[in-house]
Amino acid sequence: MAKTAEIPVNVNEVSRISPGTHIHGDISSEGDIRIDGTFEGRIYSKGRVVIGEKAVIKGDVVCGNADLWGKMEGDFFVKDTLSLKESSAVKGDLHTRRLQVDLGAGFDGSCRMISEAEFDKFVAEKANFNAKTAAVKA
């Protein structure tokens with residue numbers, strides 16, 4: 001079996017969308033992402049996604065871990081731990097291995113506890129679906 005080269009990730013590097021910034025599209029990152037602005041689309045991160053208090057997200061988030069303080073409309077797919085902080089508001093479904101909910105956090109949707117294997121299967125299926133969709137568009 002051939003080994004694939006992994007990109008080294010510096011834990012001190014975080015991709016950041018600052019307050020006042022509006023982005024539409026998809027984000028894919030090997031490392032951590034912090035969003036304090038407005039984002040519409042899909043976010044894929046092998047690391048942690050932090051959604052700040054003033055952030056507004058419309059779309060799905062697929063990541064290793066997540067901390068949510070802001071507002072989100074979409075589904076979460078989290079490999080390990082999703083933390084809904086006291087100022088957070090989520091309208092969508094949660095799929096995570098572990099869930100931490102602070103008093104005051106708002107949540108409107110369903111929650112499904114999943115294993116790492118289920119997460120990996122979902123990501124593989126989603127990647128395969130996206131590749132097929134791209135091939136059809138081409």
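Values in this text are rule-based calculations from the coordinates and carry no lab data. From a predicted model like this one, the values you see are computed outputs, not experimental measurements.
A straight chain from Val14 to Thr81 at 0.36 nm per residue would run longer than the Cα-Cα distance by 22.3 nm. Distance between the C-alpha centres of the stretch 105-128 and the stretch 19-58: 18 Å, rounded to the whole angstrom.
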